[in-house]
Amino acid sequence: MGSFNGDILNCFNKADVTMNSSNPIVGGIAGSATGLVCNCYSIGNVSSQSYSVGGICGQRAIKISNCYSIGTITGTFWTGDILGYTQGTTVIN
């Protein structure tokens, strides 16, 4: 999923996600999300040749709760197991 406006609840990803361009922002569940991301997991690898790479979201969820990622996350910078880049995101549990 690319960008998503709204909540993402009770979902999972078991596939690898690879961005083969300079387009930033990629995640195992969503590249960018504007709402709550809750009860989600990703077990695939997430990789990009750019930035904002996260196991759950690449950037900007309002709140991430009860989520996990166990794949390998690879990017140039702003890379994280749960969230790649944040501006005020709350991550719980």
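Applying the Karplus relation 6.51 cos²θ - 1.76 cosθ + 1.60 with θ = phi - 60° to the stretch 51-67 yields 3J(HN,Hα) values of 10, 6, 10, x, x, 9, 10, x, 6, 6, 6, 5, 8, 10, 10, 6, 10 Hz, where x marks Gly and Pro.
What percent does the relative contact order of the chain come to when contacts are Cα pairs within less than 8 Å and at least six residues apart? With pairs under 8 Å counted, the relative contact order is 27 percent. Atom-type composition of the exposed protein surface of the chain places 50 percent of the accessible area on carbon and sulfur (1.4 angstrom probe). Annotation: per residue accessible area for the stretch 1-76 equals 47 Å², rounded to a whole number [probe 1.4 Å, protein chains only]. Database remark: amide H of Thr74 closer than 5 angstrom to the amide H of Val46, Ser47, Ser48 (H placed geometrically; neighbours at sequence offset of 5 or more, or on other chains; Pro and chain starts carry no H). Among the listed values [x] 17, 52, 28, 3; [y] 17, 48, 29, 6, 1; [z] 22, 59, 19, 0, the one computed from these coordinates for P(r) over Cα pairs in 10 Å bins from 0, in percent is [z].
The values are calculated or read from the model by the stated rules, or taken from the named source; none is laboratory data. Everything quoted here is computed from the prediction, not taken from an experiment. These accessible areas exclude ligands, DNA and RNA; they are computed on the full protein's heavy atoms, side chains included. Shrake-Rupley method; radii C 1.70, N 1.55, O 1.52, S 1.80 Å.
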